[in-house]
1. What is the sum of charges around residue 24, taking Lys and Arg as +1, Asp and Glu as -1, for the other residues whose C-beta is under 14 Å from the C-beta of residue 24?
2. Report the extension gain between residue 151 and residue 125 in nm, rounded to one decimal, defined as 0.36 nm multiplied by the number of residues separating them, less their alpha carbon distance.
3. Put a dot 7 Å past each Cα toward the Cβ at residue 30 and residue 64; how far apart are the dots in nm?
4. So, how do all the Cα-to-Cα distances of segment 17-81 break down into 10 Å bins, in percent, from 0 on up?
5. Could you please state how large a percent of the accessible area of segment 16-57 is carbon and sulfur, counting protein chains only and using a 1.4 Å probe?
6. Quick one: if you stick a label point 7 Å off each Cα along the C-beta vector at residue 75 and residue 55, how many nm between them?
7. If you stretched the chain out fully between residue 47 and residue 97, how much longer would it get, using 0.36 nm times the residue separation minus the C-alpha to C-alpha distance?
8. If I take R0 = 30 Å and measure r between the Cβ atoms of residue 12 and residue 134 in this structure, what FRET efficiency does the formula 1/(1 + (r/R0)^6) give, to the nearest 0.05?
Amino acid sequence: KLDVIFVTVGTHNPPFDRLIKWMDEIAGRLAEPVVIQIGSATYTPACAQSFRFCSSDELQQWVLQSRAVVTHGGASIREILLTGRPAIVVPRLAKFREVVNDHQVELAEALARRGLITLANDLPSLEQALRDPELPVGQPQSAGQLIHALRKILEQFA
């Protein structure tokens with residue numbers, strides 16, 4: 001049984017302390033362990049296990065052994081979808097200086113409309129998604145189908 005929730009914030013600088021704090025708070029209320037790849041964070045989780053960085057192979061292993069994966073709105077979404085694991089996306093926001101613009105919001109909303117990911121914009125929606133025993137798994141799971149779907153999404157922004 002997959003009983004770990006894995007969180008990845010990528011390798012971006014600035015840090016994504018907002019997501020790490022939310023997940024640490026939620027971890028204190030969950031029965032299953034939470035492991036967070038915190039990158040350049042300034043906040044250190046108290047309730048969740050954490051590490052800063054790992055190789056892409058190690059990242060894939062964490063994803064494969066997880067019941068659900070929480071991620072920012074970056075390139076890791078593609079890798080998670082290809083594994084067939086449920087992806088919960090919390091986009092980085094420009095208003096918090098986590099990114100320079102809100103491209104992650106636009107991409108996450110488009111993926112959510114197609115049922116490929118679960119979008120969480122705040123702590124309550126994130127916790128609700130994590131407590132869902134039937135968390136949807138995004139389709140498609142093949143690389144070709146995923147690339148086709150992403151192209152369709154990106155055409156909306158061209």
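The values are calculated or read from the model by the stated rules, or taken from the named source; none is laboratory data. What you see is a predicted model; the values in this text were computed from it and never measured. Please note: Cβ atoms are built from the backbone with ideal geometry, for glycine as well, and neighbour counts cover all protein chains shown. Please note that ligands, DNA and RNA were not included when accessible areas were found on the heavy atoms of the full protein model with its side chains. Shrake-Rupley method; radii C 1.70, N 1.55, O 1.52, S 1.80 Å.
1. Working: positive: 18, 21, 29; negative: 17, 25, 127.
Summing Lys and Arg as +1 and Asp and Glu as -1 gives 0.
2. Working: separation 26, 0.36 × 26 = 9.36 nm, distance 2.77 nm.
So the extension gain works out to 6.6 nm.
3. So the label points at residue 64 and residue 30 sit 2.1 nm apart.
4. Reading the bins upward from 0: 20, 56, 24.
5. Carbon plus sulfur share of accessible area: 51 percent.
6. 1.7
7. Extending this stretch completely gives an extra 15.5 nm.
8. FRET efficiency, residue 12 to residue 134: 0.45.
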